[in-house]
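Here is the structure we will look at.
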Amino acid sequence: APLLFLTAWLASGHLPLALLTAALYTFDNAIIVHSRAAMLEGPQIFFIVTALLAFFALLRDAVSPRYRLGVAALLGIALGAAVATKVNSLAFTLLLPLFFTFPTTFMTRTRLLATALGSLSVVYMAVWYVHFSIAKDRNPKLKEDGYYTTDQNIRSIIDKGGNVTPRDLITLMRYSAVDYFADYEKGVSA
């Protein structure tokens, strides 16, 4: 709620509107229910609101270039964490092209975008790296001997064991974040 208040205040400049926005979140019964269950909306909302706060902080005129780069990095970190939490957070990456509407030089806008994209990529890939580093064992009692629907490339990476190489990480991410998601969505009714 405090982050939402700061974001609304920074975006609007009106204290009553910022208080009302924070109150809507604070007293929303659905949010209370979701935060008590094992749902991902709570962390996702935190990361998205942090990203929005950073975005609106970047719109401030009287800030130093170093400050802007730090805030752009925070924006990327928050977006990377939000996307790693739930894929529907990808919609908020549409904030990044808006950097080119900022009233600064093209080089400054490009640096801000590169900083945000770089930190987003590092966080997103780090989450997957930790995931694959921790989950080294497969359970043969599960579907298809614990391999589920993975192809032979993924099975060989799993069977190899040891540390995950950058090439392995990209292959595993492609399967886990893209191919599996597409397969899963085929089974979801419209």
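Is it true that some residue in segment 171-179 is more than 16 Å from the chain's Cα centre (by Cα), at pLDDT 75 or above and acidic (Asp, Glu)?
There is no residue in segment 171-179 that is more than 16 Å from the chain's Cα centre (by Cα), at pLDDT 75 or above and acidic (Asp, Glu).
Could you list, in sequence order, all residues of segment 104-124 that are surrounded by fewer than 19 Cβ atoms within 10 Å (Cβ to Cβ) and either without any contact (Cβ under 8 Å) to a residue 12 or more places away in the chain or small (Gly, Ala, Ser) (or both)?
At the first step, the residues of segment 104-124 found to be surrounded by fewer than 19 Cβ atoms within 10 Å (Cβ to Cβ) are 104-111, 113-114, 117-118, 121-122.
Within segment 104-124, Thr104, Thr105, Phe106, Met107, Arg109, Thr110, Ala114, Gly118, Ser121 qualify.
Hey, Lys143 hits all of (1) more than 30 Å from Ile48 (Cα to Cα); (2) in contact with a helix residue (DSSP H, G or I) (Cβ under 9 Å, 6 or more places away or on another chain) but one; which does it fall short on?
So the condition that Lys143 fails would be (2).
Any residue in segment 11-20 that is small (Gly, Ala, Ser), open to solvent by 30 Å² or more (accessible area, probe 1.4 Å), assigned to a loop (DSSP other than H, G, I, E, B) and free of Cβ contacts under 8 Å to residues at least 40 places away in the same chain? Before you say what the answer is, go through the steps one by one.
Taking segment 11-20 and keeping what is small (Gly, Ala, Ser), we get 11-13, 18.
Okay, now just the ones that are also open to solvent by 30 Å² or more (accessible area, probe 1.4 Å), so 11-13.
Narrowing further to those that are assigned to a loop (DSSP other than H, G, I, E, B): 13.
Applying the additional criterion that residues be free of Cβ contacts under 8 Å to residues at least 40 places away in the same chain yields 13.
Scanning segment 11-20, I find at least one residue that is small (Gly, Ala, Ser), open to solvent by 30 Å² or more (accessible area, probe 1.4 Å), assigned to a loop (DSSP other than H, G, I, E, B) and free of Cβ contacts under 8 Å to residues at least 40 places away in the same chain, so the answer is yes.
The values are calculated or read from the model by the stated rules, or taken from the named source; none is laboratory data. All of these numbers come straight from a predicted model, not from anything done at the bench. Please note: Cβ atoms are built from the backbone with ideal geometry, for glycine as well, and neighbour counts cover all protein chains shown. Accessible surface areas use protein heavy atoms only, side chains included; no ligands, DNA or RNA. Shrake-Rupley method; radii C 1.70, N 1.55, O 1.52, S 1.80 Å.
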